[in-house]
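What follows draws every value from the coordinates through simple rules; no lab data is involved. Source: prediction; values computed, not measured. Every residue, glycine among them, receives a Cβ derived from its backbone with ideal geometry; neighbour counts consider all protein chains shown.
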Amino acid sequence: MKVHFLEDSWSDRHGVEEHQDVTLVLEVLLQLRPQYDRAALLAQITRQMAQGYQVVYVKSGDQVMGVAGFVVSDKLAWGKAIYIDDLVTAEQHRSKGVGECLIDWLKTYAKEQGCKQLHLDSGVQRFAAHKFYLREGFHIASHHFSMTEIK
């Protein structure tokens, strides 16, 4: 399994294979973010990339097996760290080491960038994901509070 960066531009200077990868990456991300359609998801990713969001994916042959979206940032609470916004393995490739491959790659990349920590949030209903994160060495370090409708 090999991890690839998704480029931040889909212009004509990129090859046909990369355009196909963008479509395949979007299909996998839609499994995690079904509230989007493909066009809206691509637009959102493009906006986030302008703010430092990065996307990597695992590809084997012509299949995208898993995707991670993340940012490298400096916070008072954590110092320089990677925050993983999105992490998903394609349904047909789960329990085959794809998630572990992405986490291992993110740890290596974090060290290369001078980060000391990885962070992520996970929906309270995602029990299988929680089991995976704990097995990979993550700890439940805080509660995440949100206001989904500011009045």
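Glu100 to Ala141: FRET efficiency via 1/(1 + (r/R0)^6), r the Cβ-Cβ distance, R0 22 Å, to the nearest 0.05?
Details: r = 21 Å, r/R0 = 0.94.
Efficiency at R0 = 22 Å is approximately 0.60.
With an 8 Å Cα cut-off and a minimum separation of 6 or more residues, compute the relative contact order for the chain in percent.
Working: 184 pairs, mean separation 29.6, N = 151.
20 percent.
Sorted by packing (mean other beta-carbon atoms within 10 Å per residue), highest first, where do 83-95, 63-75 land? Intermediate values should be presented prior to the final figure.
Details: 83-95: 16.4, 63-75: 19.2.
With the highest mean Cβ count within 10 Å placed first, the list reads 63-75, 83-95.
Please work out how much length the chain gains when fully extended from Thr23 to Leu134, using 0.36 nm per residue of separation minus the C-alpha to C-alpha distance, in nm with one decimal. Please report the intermediate quantities before stating the final value.
Working: separation 111, 0.36 × 111 = 39.96 nm, distance 3.08 nm.
Separation in residues times 0.36 nm, less the Cα-Cα distance, equals 36.9 nm.
State the extension gain, in nm to one decimal, for the chain segment bounded by Met1 and Phe127, taking 0.36 nm per residue of separation less the distance between their alpha-carbons.
Working: separation 126, 0.36 × 126 = 45.36 nm, distance 2.56 nm.
Between Met1 and Phe127, full extension yields 42.8 nm more.
Report the calculated FRET efficiency for Ala40 and Asp62 (r = Cβ-Cβ distance, R0 = 22 Å), to the nearest 0.05.
The pair Ala40/Asp62 has a calculated efficiency of 0.30.
Counting only pairs 8 or more places apart or on different chains, how many lysine pairs in the chain have C-alpha atoms closer than 15 Å?
9
For labels at Gln113 and Asp85 in the simple 7 Å Cα→Cβ model, what's the distance in nm?
Placing both labels 7 Å along Cα→Cβ, they lie 1.2 nm apart.
Taking the Cα centre of each part, how many Å lie between segment 72-151 and segment 24-45?
Cα centroid of segment 72-151 versus Cα centroid of segment 24-45: 19 Å apart.
Quick one: work out the % antiparallel among DSSP beta bridges in segment 2-135, nearest 5.
Antiparallel: roughly 85 percent of the beta bridges in segment 2-135.
Enumerate the amide H contacts of Cys115 below 5 Å, restricted to partners 5 or more residues apart or on another chain; note that Pro and chain-start residues carry no placed amide H.
Residues meeting the amide H criterion: none.
Using the Karplus equation 6.51 cos²θ - 1.76 cosθ + 1.60 (θ = phi - 60°), what ³J(HN,Hα) coupling, rounded to whole Hz, does each residue of segment 94-103 give in order, writing x for Gly and Pro?
Along segment 94-103, the couplings run 5, 6, 10, x, 5, x, 4, 4, 5, 4 Hz.
If you wrap a convex hull around the Cα atoms of the chain, how much volume per residue is inside, in Å³?
Values: hull volume 21.6 nm³, N = 151.
Each residue corresponds to 143 Å³ of Cα convex hull volume.
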